[in-house]
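What follows is a short report on a single structure.
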Amino acid sequence: MTTKNRFIKLNRTRRKWRNYPKSKTELKKTLTYFGQRILGIVSSNWVLIRIINCSTQRTISEHFEARMHQEPVYPQISNKKIVENRQLESHTTVIYSPENLEILVFCVLPADKISRDERIFIEAIIDELTKLFVIINSLYYKNENKTESL
C-alpha cells in the first residue's frame with residue numbers, strides 16, 4: 001500500500017468518528033477498530049494496544065488484535081518497561097504520553113522494524129486514541145455516570 005493510499009485510509013478513519021464512545025463497551029469497540037486499522041498498515045500478525053496509568057503503572061484498558069487464521073501467543077508486556085521507555089526485544093513499540101496527563105497509550109507489534117511512514121500513521125492512531133480516552137473520561141465525570149467505570 002502506498003503512502004498516499006494509507007493517508008486516504010487514515011482520513012476516512014477520522015471522518016468515521018462523529019460520536020465519541022460513551023461506555024467501556026464502546027471504548028472496546030473503538031480499540032478493536034483501531035487495532036484492525038493498525039494491522040492494515042503494518043505487515044504484522046498481531047497488535048497490542050494498551051492504556052496505562054503512569055503513577056500506578058496499572059493497565060486501564062487494552063486490546064489484543066490478531067490477523068484471521070493466526071494463532072499468536074498473547075505477549076507478556078511489562079507496563080513498567082513501557083513507562084520507563086525501555087526497549088522491548090524483537091518488538092516495535094509506539095508510545096504516546098502527553099506530559100500533562102497521567103496516562104500513556106501505546107501499541108506493540110511483533111516486528112523488529114517498521115517504516116517511517118508506518119510509524120507516522122500508527123502515531124496518529126495512538127494520538128487519536130489518547131484524545132478519545134480523555135474525552136470519554138471527561139464525559140463520564142461530567143455526567144456523573146456511576147454505573148459503568150472506565
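Could you list the square roots of 5 times each eigenvalue of the Cα gyration tensor of the stretch 21-141, that is, the equivalent ellipsoid semi-axes, sorted largest first and rounded to whole Å?
The three semi-axes for the stretch 21-141 are 22, 17, 14 Å.
Counting Lys and Arg as +1 and Asp and Glu as -1, each charge on the Cβ, what is the dipole of the stretch 21-141 about the Cα centre in debye, to the nearest 20?
260
I'd like the GluC sites (Glu not before Pro) in the stretch 34-84 restricted to DSSP loop residues with at most 14 other Cβ atoms within 10 Å, sorted by number.
GLU84
Find, among the trypsin sites (Lys or Arg not before Pro) in the stretch 28-130, those assigned to loop by DSSP (not H, G, I, E, B) with at most 14 other beta-carbon atoms within 10 angstrom.
Filter output for the stretch 28-130: ARG67, ARG86, LYS113.
Every number in this text was worked out from the coordinates using simple rules, so none of it is lab data. Computed from a predicted structure; not experimentally measured. Every residue, glycine as well, gets a Cβ built from its backbone with ideal geometry; the counts of neighbours run over all protein chains shown.
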